[in-house]
Structures are given as C-alpha cells and as structure tokens.
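The values are calculated or read from the model by the stated rules, or taken from the named source; none is laboratory data. As the structure is a prediction and not an experimental result, all values here were calculated from the model. Neighbour counts are summed over all protein chains in view; Cβ atoms, including those assigned to glycine, are modelled from backbone coordinates with ideal geometry. The area values use the complete protein model at the heavy-atom level, side chains included, leaving out ligands, DNA and RNA. Shrake-Rupley method; radii C 1.70, N 1.55, O 1.52, S 1.80 Å.
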Amino acid sequence: LDVDYMVRNLDFTYDRENWNGLPEWVSNMHFNSQRVVLALDPVISPSVTEGYYPAYDRGIELDIFIKKRPNELLIGKALPASRGGVPRLLP
C-alpha cells in the first residue's frame, strides 16, 4: 500500500475513516497466505503536537534518532512536513 492509508502521511498510523476495515483486510490477506507491504517514509515528523504522534514521542524517549551532534537531531526532508528526525534503521 502506498502512503494514502496514513493519517497526514505519518508513519505507523492509518486513516480509520477512509481505510475503515484495513486491519481485517490485512488479516484476511494473511489468512489466504498473501502478504501486504506498507510504504513507509523513514523520516519521523516532529511537527505535530507532543502526545499526538507516538512514533516521534517514543523515538525521543528511546533515543533512536540519528544525531548531528550530541543533543541535536539530524533533520531530513520528507513527508508529511518538510523536516523530520531520521531513525537509525540499522544497528
């Protein structure tokens, strides 16, 4: 699935109004031995209200974002905003 399933293009979210039934559809695909691949944008936006976007809040809490220097996040460009923190994808 491309990014239109997300809320405001925020990774690890889905639009429950326009994609109502998505979890059941995915379960049905798995039941039929099919796989679903979701598109992700690997930049987690800090441009939302604290507490609204768990992926960003939890990333800060777990210190998973790449740093430009100590205590300064490396900011990348991507959707949904023009800037965002880049999580470490490899160990």
### Query
Has the range 15-28 got at least one residue that is open to solvent by 70 Å² or more (accessible area, probe 1.4 Å), assigned to a loop (DSSP other than H, G, I, E, B), on the phi > 0 side of the Ramachandran plot and at pLDDT 90 or above?
no
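Could you tell me which residue of the range 36-78 is surrounded by the most Cβ atoms within 10 Å (Cβ to Cβ), considering only residues that are acidic (Asp, Glu) and either modelled with pLDDT under 85 or not in a helix (DSSP H, G or I) (or both)? Show your work before the answer.
Here is the first cut: in the range 36-78, the residues acidic (Asp, Glu) are 41, 50, 57, 61, 63, 72.
Within this subset, residues satisfying the condition of being either modelled with pLDDT under 85 or not in a helix (DSSP H, G or I) (or both) are 41, 50, 63, 72.
On the way: ASP41: 16, GLU50: 9, ASP63: 8, GLU72: 8.
Within the range 36-78, the match that is surrounded by the most Cβ atoms within 10 Å (Cβ to Cβ) is ASP41.
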### Query
So is SER33 within 15 Å of the chain's Cα centre (by Cα) and part of a loop (DSSP other than H, G, I, E, B) or not?
no
